[in-house]
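K.L.:
Take this structure, written in structure tokens, and hold onto it; I'll ask about it next.
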There are 2 protein chains.
Amino acid sequence: MTSHIHCQNCSMATLCLPYQLSPEQTEKLDTIIQRHRPLQKRDVLIHSGEPLKFLYAVRSGSLKSYTLDGQGGEQIIDFHLPGDLIGFDGLIDGQYRSYTQALETTMLCEIPIQSLDQLSAELPGLRKQLLRVMSGELHASKTLLGNLNHHTAQQRLANFLVTLSSRFQQRGLSSREFRLSMTRADIGNYLGLSVETISRLLTQLQQQGLLTVQNKLVAINEPERLRALAA
Amino acid sequence: MTSHIHCQNCSMATLCLPYQLSPEQTEKLDTIIQRHRPLQKRDVLIHSGEPLKFLYAVRSGSLKSYTLDGQGGEQIIDFHLPGDLIGFDGLIDGQYRSYTQALETTMLCEIPIQSLDQLSAELPGLRKQLLRVMSGELHASKTLLGNLNHHTAQQRLANFLVTLSSRFQQRGLSSREFRLSMTRADIGNYLGLSVETISRLLTQLQQQGLLTVQNKLVAINEPERLRALAA
DNA sequence: CGTCGCGTTGAATCGCGTCAACTTCGGTGG
DNA sequence: CCACCGAAGTTGACGCGATTCAACGCGACG
């Protein structure tokens with residue numbers, strides 16, 4: 001058993017850096033990537049302000065990223081699922097810009113920034129993919145912004161669920177039924193709503209027959225109507 | 001007079017791509033950059049969905065970027081000032097992802113994506129700067145998200161003014177006194193507030209002696225207290 | 001001089017947050 | 001294995017901040 005892992009066998013490869021790299025190129029990428037020790041629930045992977053040495057790729061599990069406001073309150077800015085890359089917003093000044101914490105047992109790959117930079121000089125495909133991933137994050141972030149502004153609590157939650165559903169689908173999981181690894185409070189924080197509102201809305205959507213909610217398990221019964229609410 | 005411009009003489013160079021490039025490297029960058037025809041107020045530079053051929057750098061003036069929701073309503077996601085680069089969120093799939101419209105007479109540089117990609121293979125500094133600029137946008141966007149969520153109308157507006165003020169300062173302009181090239185409606189749209197609320201808040205901040213507002217002209221009398229409100 | 005876009009101000013309404021009480025879940029130790 | 005305890009989630013009553021609707025002022029421009 002080695003501490004190396006192999007992008008070639010990784011089910012998340014199509015979402016992650018090796019996307020559109022040739023087998024030989026992927027092999028090169030492989031040489032700089034290490035497996036990170038597994039995280040347990042509530043373990044903190046990244047502390048804001050630390051020097052940026054690695055990007056992380058999620059292999060399994062999930063995490064949340066947040067900043068702290070003046071009074072020490074969390075501001076959740078992202079949830080990370082398998083295939084996601086973490087750390088891009090720190091490239092600007094070589095420091096991580098947020099805290100990142102595991103929501104459940106989580107496996108990660110560790111990608112040294114410096115090696116990545118050197119390697120991307122050789123591989124135009126990798127360079128493009130780096131830009132593509134960042135561009136995607138940027139777009140997602142700006143879309144989210146538009147989705148929070150100008151939208152009611154119901155629209156926000158519906159949109160959150162629809163987005164989550166499609167992210168699970170991209171990862172080869174069910175888009176109809178999934179587990180919310182974050183708490184209601186996390187969801188509320190992320191959407192700028194109170195816990196109580198989240199709870200009430202979930203009950204309400206269930207009463208309307210759109211969802212079936214059982215603790216952390218959500219089943220979307222009527223994707224169409226839910227998507228319509230998210231508009 | 002040539003259609004070429006020169007990054008060497010551009011006052012925005014420190015904010016833009018040539019940042020930290022050597023004179024020779026900047027010269028190379030120069031060869032691929034063209035001046036774009038000036039835009040008049042309300043001219044639309046970019047239509048969402050068009051193929052991405054250029055990044056644009058703002059030389060003077062200002063613009064807003066927005067998406068359209070289902071009912072054709074604008075969702076303003078960004079204001080662009082001199083030195084800003086426009087178009088990054090489209091790299092993911094080779095299409096512009098939003099509309100971009102001039103708020104006043106505006107001068108731009110036009111940077112062909114393809115040449116930029118080729119050139120960045122040669123110049124590690126350019127590659128780094130590209131990532132830095134995107135990372136900065138990403139960070140700004142996530143910060144903004146945190147600033148809208150969980151904040152009152154007053155906090156949002158105060159934060160908007162403080163951010164704008166520091167952006168003007170970075171550009172060598174006064175941080176105390178500046179002109180809002182966007183309408184109140186634009187500001188409200190951007191912050192997720194109604195026009196009326198923006199108007200009321202500006203009056204209120206003026207009555208408290210923090211600001212002096214005269215149509216589009218804003219003077220910040222008490223930067224400290226304003227920053228405190230933005231918390 | 002009239003029109004149109006933009007901005008301001010007032011009054012009524014409502015969505016969501018806050019506070020509080022209670023229930024359920026999940027982990028821990030006896 | 002069950003009892004216990006704290007964390008997480010639910011539900012109801014109430015209040016406030018921001019939206020909405022409406023009227024009006026003002027400057028730019030034909």
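K.L.:
For the stretch A:194-203, which residues satisfy the criterion of being within 11 Å of DNA strand C (Cβ to nearest atom) and crowded, with 17+ Cβ neighbours inside 10 Å?
P.N.:
A:T197, A:I198, A:L201 - these are the residues of the stretch A:194-203 that are within 11 Å of DNA strand C (Cβ to nearest atom) and crowded, with 17+ Cβ neighbours inside 10 Å.
K.L.:
Conditions first: (1) under 24 Å from B:G83 (Cβ atoms); (2) more than 10 Å from DNA strand C (Cβ to nearest atom); (3) crowded, with 18+ Cβ neighbours inside 10 Å. B:S174 passes all but one, so which condition is the exception?
P.N.:
That leaves (3) as the condition not met.
K.L.:
Can you work out which of the residues in the stretch A:175-222 that are over 20 Å from A:T105 (Cα atoms), small (G, A, S) and within 23 Å of the chain's Cα centre (by Cα) is nearest to DNA strand D (Cβ to nearest atom)?
P.N.:
A:S199
K.L.:
Mind counting the residues in the stretch A:216-231 that are part of a loop (DSSP other than H, G, I, E, B) and modelled with pLDDT under 95?
P.N.:
Result for the stretch A:216-231: 1.
K.L.:
Go through (1) more than 9 Å from chain A (Cβ to nearest Cβ); (2) over 21 Å from B:K216 (Cβ atoms); (3) in contact (Cβ under 8 Å) with a residue 60 or more places away in the chain for B:A102 and report which single condition fails.
P.N.:
Of (1) more than 9 Å from chain A (Cβ to nearest Cβ); (2) over 21 Å from B:K216 (Cβ atoms); (3) in contact (Cβ under 8 Å) with a residue 60 or more places away in the chain, only one is false for B:A102: (2).
K.L.:
From the list A:S175, A:S166, which one is without any contact (Cβ under 8 Å) to a residue 40 or more places away in the chain, assigned by the TED database to the domain that holds A:E222 and not basic (K, R)? Working first, answer last.
P.N.:
Values: A:S175 fails: without any contact (Cβ under 8 Å) to a residue 40 or more places away in the chain.
Of the residues listed, the single one that is without any contact (Cβ under 8 Å) to a residue 40 or more places away in the chain, assigned by the TED database to the domain that holds A:E222 and not basic (K, R) is A:S166.
K.L.:
Another question, if that's okay. Filter the stretch B:14-32 down to the residues that are outside any helix (DSSP H, G or I), within 18 Å of B:G87 (Cα to Cα) and among the aliphatic types (A, V, I, L, M) and list them by number.
P.N.:
Here is the first cut: in the stretch B:14-32, the ones outside any helix (DSSP H, G or I) are B:14-22.
Of the ones still in play, those that are also within 18 Å of B:G87 (Cα to Cα) are B:15-18.
Listed by number, the residues that qualify are B:L15, B:L17.
K.L.:
Can you name the residue in the stretch B:91-104 that is under 16 Å from the mean Cα position of the chain (by Cα) and not in a loop (DSSP other than H, G, I, E, B) and, of all such residues, is farthest from A:G125 (Cα to Cα)?
P.N.:
Within the stretch B:91-104, the match that is farthest from A:G125 (Cα to Cα) is B:A102.
K.L.:
When the residues of the stretch A:105-140 are filtered to those that are of a type in the set (S, T, Y) and over 14 Å from the mean Cα position of the chain (by Cα), which remaining residue is nearest to the other protein chains (Cβ to nearest Cβ)?
P.N.:
Selected residue: A:S135.
K.L.:
Before we move on, is A:E74 touching a residue at least 60 places away in the same chain (Cβ under 8 Å), of a type in the set (D, E, K, R), under 28 Å from B:A153 (Cα atoms) and not assigned by the TED database to the domain that holds A:R200? Steps first, answer last, please.
P.N.:
Details: touching a residue at least 60 places away in the same chain (Cβ under 8 Å): yes; of a type in the set (D, E, K, R): yes; under 28 Å from B:A153 (Cα atoms): yes; not assigned by the TED database to the domain that holds A:R200: yes.
For A:E74, the condition - touching a residue at least 60 places away in the same chain (Cβ under 8 Å), of a type in the set (D, E, K, R), under 28 Å from B:A153 (Cα atoms) and not assigned by the TED database to the domain that holds A:R200 - is met.
K.L.:
Residues in the stretch B:178-189: is at least one assigned to a helix (DSSP H, G or I) and under 17 Å from B:A230 (Cα atoms)? Give the derivation first.
P.N.:
Keep residues of the stretch B:178-189 that are assigned to a helix (DSSP H, G or I), which gives B:184-189.
Remaining after also requiring under 17 Å from B:A230 (Cα atoms): B:187-188.
Checked against the condition, which is being assigned to a helix (DSSP H, G or I) and under 17 Å from B:A230 (Cα atoms), the stretch B:178-189 yields at least one hit.
K.L.:
Condition (residue is within 13 Å of chain B (Cβ to nearest Cβ), farther than 19 Å from A:D117 by Cα, loosely packed, with under 13 Cβ neighbours inside 10 Å and not aliphatic (A, V, I, L, M)) applied to the stretch A:78-93: is it met by at least one residue?
P.N.:
Checking the stretch A:78-93: not a single residue is within 13 Å of chain B (Cβ to nearest Cβ), farther than 19 Å from A:D117 by Cα, loosely packed, with under 13 Cβ neighbours inside 10 Å and not aliphatic (A, V, I, L, M).
K.L.:
The conditions are (1) surrounded by fewer than 15 Cβ atoms within 10 Å (Cβ to Cβ); (2) under 20 Å from the mean Cα position of the chain (by Cα), and B:G49 fails exactly one of them. Which is it?
P.N.:
(2)
K.L.:
Would you point out which residue out of A:A121, A:A158, A:A153 is in contact with a helix residue (DSSP H, G or I) (Cβ under 6 Å, 6 or more places away or on another chain) and without any contact (Cβ under 8 Å) to a residue 60 or more places away in the chain?
P.N.:
On inspection, the qualifying residue turns out to be A:A153.
Table: residues versus (1) within 12 Å of DNA strand C (Cβ to nearest atom); (2) among the aliphatic types (A, V, I, L, M); (3) within 14 Å of another protein chain (Cβ to nearest Cβ); (4) loosely packed, with under 14 Cβ neighbours inside 10 Å.
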position	(1), (2), (3), (4)
B:Q154	no, no, no, no
B:L157	yes, yes, yes, no
B:F168	no, no, no, no
B:M182	yes, yes, no, no
B:G192	yes, no, yes, no
B:Q214	yes, no, no, yes
B:L217	yes, yes, no, yes
B:A230	no, yes, yes, no
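K.L.:
Considering each of A:Y56, A:Y66 in turn, give the residue that is under 20 Å from A:L144 (Cβ atoms), outside the structural domain of A:G192 (by the TED database) and at pLDDT 95 or above.
P.N.:
On the way: A:Y56 fails: under 20 Å from A:L144 (Cβ atoms).
Only one candidate qualifies: A:Y66.
K.L.:
Could you list all residues from the stretch A:194-212 that are within 14 Å of chain B (Cβ to nearest Cβ) and of a type in the set (S, T, N, Q)? Walk me through it before giving the result.
P.N.:
So the first thing to find is which residues in the stretch A:194-212 are within 14 Å of chain B (Cβ to nearest Cβ), and the list is A:194-195, A:197-198.
Within the stretch A:194-212, A:S194, A:T197 meet the criteria.
K.L.:
Check the stretch B:147-157 and report whether any residue there is at pLDDT below 95, within 16 Å of DNA strand D (Cβ to nearest atom) and part of a helix (DSSP H, G or I).
P.N.:
Yes, the conditions are met somewhere in the stretch B:147-157.
The values are calculated or read from the model by the stated rules, or taken from the named source; none is laboratory data. As the structure is a computational prediction, the values presented were derived from the model and not from experiment. Neighbour counts run over all protein chains shown; Cβ positions are idealised from the backbone, glycine included.
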